[in-house]
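**Student:** Could you have a look at this structure, given as structure tokens, before my questions?
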Amino acid sequence: MISFSNISKQYGKQILFIDADFQLNAGEKVGLVGPNGAGKSTLFRMIMGEETADEGSVSLPKKLSIGYFRQEVDEMSGRPVLDEAIAGSGRLGDLHHELLDLEHALADPERAEEMEAILDRFGHVQEEYQHLGGYELEAKARACLQGLGFEDDQIDGDVGALSGGWKMRVSMAKVLLGNFDVLLLDEPTNHLDIESILWLESFLKSVSSTLLMTSHDRDFMNRIVTKVVEIDGGDIVTYSGNYDFYVKERETRETNQEAAYARQQAKLAKEQRFIERFSAHAAKAAQVQSRVKALDKIERIELPKKRRVQKWDFRIPGRSGDDVVMLKGVSKAFGARSIYKNFDFHVRRGERWCVMGKNGAGKSTLLKMVAGVLEPNAGDVRLGASLKLGYFAQQSLDLLNADLTVLEQMQQDFPMEGLGVLRNVLGAFQFSGDDVDKRIRALSGGEKSRLAMARMLLDPPNFLVLDEPTNHLDLATKEMLIDALKDFEGTMLFVSHDRTFLRGLANRVLELAGEEHEGPMLFQGSYLEYVEKTGREAPGVHN
């Protein structure tokens with residue numbers, strides 16, 4: 001279906017592809033992996049025709065329809081969310097709005113002379129629209145938006161009133177509704193909660209479209225893809241299987257390559273010793289020349305490229321009191337909408353509470369009240385003794401100085417720390433080499449998140465309050481963070497949609513009000529035990 005043949009591509013000194021080959025076949029569901037900057041987005045843009053290869057060719061069928069979801073917010077305003085989702089859904093969306101225009105034209109007495117042409121066009125458009133399943137489009141669009149977390153009042157409300165994250169969801173709905181032959185999805189789970197992620201998993205597994213996607217959510221990849229394509233040092237390598245299979249197979253290939261390299265090096269050394277020993281012997285001259293020529297013809301095996309994630313250990317924070325935070329009779333409302341009513345909640349030292357709940361249930365509101373960013377309307381929020389609280393949210397990025405470099409920001413925050421310590425923690429959060437000299441204004445959202453996390457964790461508090469800490473983190477950084485936090489001796493209260501993070505860290509679950517129960521439910525066990533007992537990974541979503 002889509003074929004890359006002998007592709008080469010570079011930007012200045014940065015080489016992305018060297019004689020790389022890749023094929024995407026009809027109906028496949030493929031995960032695209034590789035480190036930041038490897039060329040994943042470039043590969044997407046080459047498929048879309050937005051970039052061309054320096055050498056080689058990209059072949060696509062002429063009538064192939066492609067839906068591309070990217071990490072950019074479209075300009076949206078002036079119409080309801082439902083209409084915006086339909087309008088952008090490719091050919092169906094175009095036909096939908098052309099039919100509306102034609103209906104208005106048919107009812108316009110001033111266009112009576114054009115009526116025959118309008119009726120003729122209406123018939124052609126209606127036939128194609130019906131053939132493509134257009135008459136179910138509005139119901140499908142509403143179900144899709146609900147699956148992505150929208151309430152009915154939002155769906156019928158002005159799209160221009162939405163935040164950037166919610167507009168990203170509308171952009172995704174446009175792609176999902178388009179009946180495209182191929183879906184290209186760049187980090188589709190970044191702005192979704194667990195409920196929406198689980199809905200999207202189900203949707204993508206059921207569609208017949210060919211899928212190529214990047215994702216930093218390991219569970220999401222495992223449940224959907226049956227093939228993994230890795231961009232690795234200029235080459236494109238294909239693995240048949242899900243993400244876990246790819247990891248094991250890659251390790252096996254690396255081990256075999258290392259063994260082959262060692263055997264070849266031993267053979268080369270033996271041949272070199274023979275040449276050096278007998279190069280001055282006339283009687284052996286022919287043999288020496290023969291071996292020199294043979295050595296020149298041998299194709300050298302290279303050691304596999306190792307992506308080493310720097311291990312980073314927390315400093316041990318000071319011990320807090322046994323009672324970390326106490327909420328008593330807390331109520332919180334926004335206008336007529338009540339979020340908490342007479343709510344009691346007690347966090348003790350060493351507990352790691354994850355907060356679950358549907359969109360709008362009050363997860364971030366709870367964290368803000370605990371962190372002192374938001375006051376309750378009634379009741380009391382009290383922090384325990386000897387407590388040092390660290391709060392991470394997307395607003396934490398606003399505290400970074402855009403004029404400084406990454407390293408300068410850390411030096412400003414920690415003037416007494418040595419350069420080696422600062423580079424070490426930045427390296428653990430994937431800032432290595434020249435990355436530390438990047439200006440903060442030039443960083444991506446993900447890079448800013450990593451820097452904000454590094455700032456907070458270099459001198460760790462004993463109570464971490466984290467709102468979506470893994471947003472934008474790649475798999476390697478995320479796994480490093482989980483490993484480090486497993487050994488963290490403090491207390492945690494966090495919201496996350498990443499199941500690897502939840503499984504690895506949560507030993508308590510607070511599930512806010514939902515379909516299964518009216519008030520908040522406190523579960524005194526791990527996230528895994530919660531899933532086993534409730535049979536669901538998010539409120540309202542069953543396995």
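**Student:** Restricting attention to the range 133-148, report how many residues are modelled with pLDDT under 90 and touching a Phe, Trp or Tyr at 6+ places or on another chain (Cβ under 9 Å).
**Tutor:** 2
**Student:** Another one. Taking only pairs six or more apart or across chains, which ones have beta-carbon atoms under 7 Å, a first residue in the range 85-101 that is more than 20 Å from GLY157 (Cβ to Cβ), and a second residue that is of a type in the set (Val, Ile, Thr) and modelled with pLDDT of 85 or more?
**Tutor:** LEU95/VAL125; GLU98/VAL125; LEU99/VAL125
**Student:** Taking the residues in the range 234-261 that are touching a residue at least 40 places away in the same chain (Cβ under 8 Å) and surrounded by fewer than 16 Cβ atoms within 10 Å (Cβ to Cβ) as candidates, determine which candidate is nearest to LEU212 (Cα to Cα).
**Tutor:** Only one residue tops the list, namely THR238.
**Student:** Moving on. Show me the helices (runs of 4 or more DSSP H) found entirely inside the range 126-227 where at least 1 residues are without any contact (Cβ under 8 Å) to a residue 24 or more places away in the chain, closer than 24 Å to SER496 by Cα and outside the structural domain of ILE86 (by TED's automatic domain parsing).
**Tutor:** Values: elements: 137-147, 152-155, 164-177, 194-206, 218-224.
Result: 194-206, 218-224.
**Student:** Being at pLDDT 85 or above, assigned by TED's automatic domain parsing to the domain that holds PHE392, in contact with a Lys or Arg (Cβ under 8 Å, 6 or more places away or on another chain) and closer than 30 Å to THR477 by Cα: is that true of GLY357 here? Write out each step before concluding.
**Tutor:** Numbers: at pLDDT 85 or above: yes; assigned by TED's automatic domain parsing to the domain that holds PHE392: yes; in contact with a Lys or Arg (Cβ under 8 Å, 6 or more places away or on another chain): yes; closer than 30 Å to THR477 by Cα: yes.
When the stated conditions are applied, GLY357 passes them.
**Student:** Considering each of ALA371, ALA393 in turn, give the residue that is crowded, with 18+ Cβ neighbours inside 10 Å and touching an Asp or Glu at 6+ places or on another chain (Cβ under 7 Å).
**Tutor:** Values: ALA371 fails: touching an Asp or Glu at 6+ places or on another chain (Cβ under 7 Å).
Sole residue among the options that is crowded, with 18+ Cβ neighbours inside 10 Å and touching an Asp or Glu at 6+ places or on another chain (Cβ under 7 Å): ALA393.
**Student:** When you scan the range 25-52, how many residues do you find that are touching a residue at least 60 places away in the same chain (Cβ under 8 Å), in contact with a Lys or Arg (Cβ under 7 Å, 6 or more places away or on another chain) and under 22 Å from SER65 (Cβ atoms)?
**Tutor:** The qualifying residues number 3.
**Student:** Under 7 Å between Cβ atoms, which residue pairs at least 6 apart in sequence (or on different chains) link something in the range 388-399 that is assigned by TED's automatic domain parsing to the domain that holds ASP467 with a partner that is modelled with pLDDT of 75 or more and of a type in the set (S, T, N, Q)?
**Tutor:** LYS388/ASN462; LEU397/SER449
**Student:** Here is a follow-up. Taking the criterion of being surrounded by fewer than 12 Cβ atoms within 10 Å (Cβ to Cβ) and within 30 Å of GLU271 (Cα to Cα), would at least one residue in the range 307-328 satisfy it?
**Tutor:** no
**Student:** Check GLY39 against each of (1) under 23 Å from LEU177 (Cβ atoms); (2) in contact with a strand residue (DSSP E or B) (Cβ under 7 Å, 6 or more places away or on another chain); (3) buried (at least 18 other Cβ atoms within 10 Å of the Cβ) and name the one condition it does not meet.
**Tutor:** Only one criterion is unmet by GLY39, namely (1).
The values are calculated or read from the model by the stated rules, or taken from the named source; none is laboratory data. A quick note: this is a predicted structure, and the numbers were derived from the prediction, not measured. We place every Cβ from the backbone using ideal geometry, glycine too, and count neighbours over all the protein chains shown.
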